[in-house]
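Inspection log for the structure reproduced underneath, given as structure tokens.
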Amino acid sequence: TPVPAPISPATVAPTQTTSSLPPGAATPITAVPSVAPAPAAQTAQPEPAVAATQQAAVASPEEQAAYEQALNILREGRYTEAADAYRTFLSTYPNGRYVDNAQYWLAETQYVTRQFPQALDEFGKVVNNFPNSTKVPDAQLKMGYIHYEQGNWVAAREQLQSLVQRFPDSTAARLANERLQRMS
């Protein structure tokens, strides 16, 4: 089974995905986000984050630096180290401004290294713990892709169809529809 190519070092909005597959990649790989979340006006998804009491409105300089450090490690393709940096970030800033993004990118480190059971669990945390995050559609997409890669067609179809119903105008929904068509 081919191993996905490293995540693109290009800085893009958190919900943007790459439009073409790198050579040898089994499924699309989401690009690394810029440090600041995309403004709500630029996306069709709900406003990121959870209740104001659970997430800081503005990141402290220390939180910002820790998040940027983890992103830089991820951009360099050092996935094990990036996973460790995201785990440290999440334990240090459990209510921080970037907690939903950090959780997503932790899951992504496991996805690109094909640690599918762990990635599925971590993407599930994004969906369940941060239901209003702009990362939810992408997390659901990756969950569908994981089920697909594992040959669990029923779960893949359910996850992808749920994504399309919940976020019909998202890029993730378009990609989910493409995968659903291939599964037909």
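First select every other residue whose beta carbon is under 10 angstrom from the beta carbon of L160; then total the charges, Lys and Arg +1, Asp and Glu -1.
Spelling it out: positives minus negatives among the neighbours equals 0.
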Roughly what would the spin-label model give for T80 and D169, points 7 Å off Cα along C-beta, in nm?
4.5 nm
Looks like the range 121-172, by Cα gyration tensor root eigenvalues a ≥ b ≥ c and the a/c under 1.5 rounded cutoff (else prolate when a/b is bigger than b/c, oblate otherwise), is oblate
Centroid-to-centroid separation of the range 121-184 and the range 60-97 [C-alpha atoms, Å]:
25 Å
What does the charge count around G144 come to, taking other residues whose C-beta lies under 9 Å from its C-beta (Lys +1, Arg +1, Asp -1, Glu -1)?
+2
Nearest-10 value in Å² for the accessible area of E178, using the 1.4 Å probe
90 Å²
Quick note, the range 89-141: a/c under 1.5 would make it rounded; otherwise a/b > b/c is prolate and the rest oblate (a ≥ b ≥ c, C-alpha gyration tensor); here it is oblate
Hull-based mean projected area of the range 97-184, where the convex hull spans the alpha carbons, in square nanometres:
5.2 nm²
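The values are calculated or read from the model by the stated rules, or taken from the named source; none is laboratory data. On a predicted model such as this, the values are computed, not experimentally measured, just so you know. All Cβ positions, even for glycine, are placed from backbone atoms using ideal geometry, and neighbour counts span all protein chains on display. The protein model used for the area step is the full one, side chains on, heavy atoms only, and it has no ligands, DNA or RNA in it. Shrake-Rupley method; radii C 1.70, N 1.55, O 1.52, S 1.80 Å.
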